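Undergrad: Below is the structure I would like to discuss, written out as structure tokens.
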Amino acid sequence: MAPAMGMKRPAAAATATQTVTLPAPDAARVAVRDAVRLAVREADAQQQQAPTLPMPTAVVDGVLCLEEVDGRKWSYVVEGGASPGKAGRVSGRGKGRSGCASPMGVTFKAVPLQSPLPPVEEIMSFIRSYVVPEGFPDSVTPSYVPYMTWRALKHFFGGAMGVFTTRTLLNSLGVAQSRATSGAVAINWILKNVAAVTSTSTRTPIYKAYAKGENIGDVTAKGECVGNIADLLGTGLSILISKRNPSLVTSFAFLSCGYLLSSYHEVRSVVLNTLNRARFTVAVDSFIKTGHVPSLKEGNSQETIFNPPWEHQPVSIGSRFGEAFQEPASFVAIRPLFEDERYIVTYNPTKDKVYALLKDQAKPDDILKAAFHAHVLLHFINASHANLNARKRINSNRSYQNPDPLNMDFIPHIAESCKIVTSSYGVFKKKAREQGWIMSESLLNPGRARLCGIVPQ
């Protein structure tokens with residue numbers, strides 16, 4: 001049974017979590033690793049007991065919480081199951097909405113609190129999410145709006161001029177005038193705006209990482225100068241090679257390989273002192289396993305560069321309530337563990353993902369702590385899966401029952417992770433600062449959903 005339900009915790013685990021804050025660096029490093037291992041074993045042992053959790057009236061018939069996403073609010077309402085007068089204890093399993101296993105068939109649904117937006121408003125909201133900075137207008141100075149207005153007009157007229165100048169150039173070279181030519185010119189320029197946005201957005205933080213003091217302007221100017229000179233030299237070389245009429249396929253393949261190889265090593269050579277999602281994962285995983293936060297060079301070298309969009313992401317920050325929870329009872333059971341926090345962390349076994357839900361009062365440090373907690377819980381879950389596979393191998397000659405897991409089955413792991421995070425998050429931040437890391441919640445790219453109202457028990 002989960003510790004949050006009133007069971008006494010073994011003294012060994014309590015002692016382990018307290019030793020995380022030992023002042024000696026080596027002792028603290030060992031204590032973090034040992035505390036996590038002990039907590040995982042304790043949670044696995046408690047998970048073997050069949051959970052029998054109380055179901056308050058709020059779970060059976062009522063509102064679980066309110067959620068806000070981009071100014072629009074939803075209410076999560078419990079439906080199905082027993083009546084309020086029959087609220088008792090839950091130990092059975094059923095099939096809830098969408099075929100998911102759910103205690104006693106109790107499920108929940110999201111009810112919008114506002115009428116749907118008109119299609120025009122939906123489109124404008126989508127556009128604003130891409131062209132307006134996060135937290136606008138509080139996140140920028142008052143001069144940002146007029147500057148970007150005139151900048152947009154400049155690029156508008158410049159793009160229109162570019163199409164006509166390129167078209168005139170092609171006509172002067174003897175290219176036949178046709179509708180296809182105009183379309184090709186337009187597409188070419190569109191691809192060049194897209195490339196410019198991508199290049200500019202990634203180049204600025206790289207130059208900022210190399211600048212010391214207030215010389216960011218000089219570093220940027222010289223870096224752009226080097227790029228332009230190299231571009232001109234490459235153009236001149238290609239003109240000389242093309243005069244000899246080489247094989248087009250061979251030349252393009254050779255130059256493409258050189259371009260991709262140079263781009264890869266360019267990205268690999270960058271050493272940034274900020275913790276984005278990839279580097280944050282590397283730092284937390286190293287801290288959990290060894291009690292050591294990697295240096296800037298180590299963290300950047302271990303960062304995964306290629307992340308296909310179809311690859312499974314085991315941690316989600318700022319998620320929606322409906323994605324994180326399967327059944328209302330697990331939310332009510334987990335909620336007391338996070339009364340003093342501005343976030344809630346849970347694990348959804350059907351999606352094999354850890355979710356960090358943010359409350360509307362969450363500040364930057366709360367988002368960082370939620371991300372840290374999510375990775376700690378992920379470590380617990382992975383260790384639990386490894387132990388489960390070991391038990392399967394041991395019991396391979398005997399019948400082994402493995403019912404569909406629920407959120408509720410992992411409450412012991414969530415409770416133990418809370419103890420580890422309480423005692424080790426401060427240590428992690430201190431060690432990260434000592435290594436020169438700068439932590440910012442915006443680099444973690446959290447979702448926009450916020451829990452804006454939780455019904456008290």
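The values are calculated or read from the model by the stated rules, or taken from the named source; none is laboratory data. Keep in mind that this is a model prediction, so the values were computed, not measured. Cβ coordinates were reconstructed from backbone atoms using ideal geometry, including for glycine residues, and neighbour counts include every protein chain displayed. Please note that ligands, DNA and RNA were not included when accessible areas were found on the heavy atoms of the full protein model with its side chains. Shrake-Rupley method; radii C 1.70, N 1.55, O 1.52, S 1.80 Å.
Undergrad: Evaluate the distance, in nm, between pseudo-label points positioned 7 Å from the Cα of R268 and of T350 along their respective Cα→Cβ axes.
TA: Label at R268, label at T350, 4.3 nm between them.
Undergrad: At a probe radius of 1.4 Å, what is the per-residue accessible area of T281, in Å² to the nearest 10?
TA: Taking all protein chains as shown, T281 has close to 50 Å².
Undergrad: Here is a follow-up. 7 Å from Cα along Cα→Cβ at both I305 and D218: what's the point-to-point distance in nm?
TA: Between I305 and D218, the label points sit 3.0 nm apart.
Undergrad: Considering only the other residues whose Cβ falls under 10 Å of the Cβ of E323, what net charge follows from Lys and Arg at +1 and Asp and Glu at -1? Could the numbers behind the result be given before it?
TA: Values: positive: R320, K351, K353; negative: none.
Charge balance near E323 sits at +3.
Undergrad: Keeping all protein chains in position, work out how much accessible area M124 exposes to a 1.4 Å probe, and write it in Å² to the nearest 10.
TA: Here the accessible area works out near 80 Å².
Undergrad: Over the residues of segment 234-325, compute the C-alpha Rg and express it relative to 2.2 N^0.38 Å. Mind dumping the intermediate values first?
TA: Working: Rg = 20.9 Å, N = 92, 2.2 N^0.38 = 12.3 Å.
Segment 234-325 yields a ratio of 1.70.
Undergrad: Heavy atoms only, 1.4 Å probe, whole protein assembly: order Y343, Y210, Y130 by accessible area, highest first.
TA: Numbers: Y343 0, Y210 115, Y130 170 Å².
So the residues, ranked largest to smallest area, are Y130, Y210, Y343.
Undergrad: Ordering D218, D285 by accessible area with a probe of 1.4 Å, largest first, what comes out? All intermediate terms of the calculation are to be shown ahead of the outcome.
TA: Values: D218 80, D285 55 Å².
The most accessible residue leads, giving D218, D285.
Undergrad: For each pair in K359/K429; K353/K430; K73/K419; K359/K431, compute the distance between the two Cα atoms and list the pairs where it is over 25 Å. Mind dumping the intermediate values first?
TA: Details: K359/K429 22 Å; K353/K430 28 Å; K73/K419 32 Å; K359/K431 27 Å.
Those over the limit are K353/K430; K73/K419; K359/K431.
Undergrad: Students sometimes get this wrong: rank E121, E68, E341, E327 by accessible area, probe 1.4 Å, all chains present, largest first. Working shown, then result.
TA: Numbers: E121 85, E68 60, E341 40, E327 0 Å².
In descending accessible area the options line up as E121, E68, E341, E327.
Undergrad: Taking loop as defined by DSSP and a crowding limit of 11 other beta carbons within 10 Å, which GluC sites (Glu not before Pro) in segment 204-269 fit?
TA: Details: sites: E214, E224, E266; in loops: E214.
Taking segment 204-269 and a limit of 11 other Cβ atoms within 10 Å, the loop GluC sites (Glu not before Pro) found are E214.
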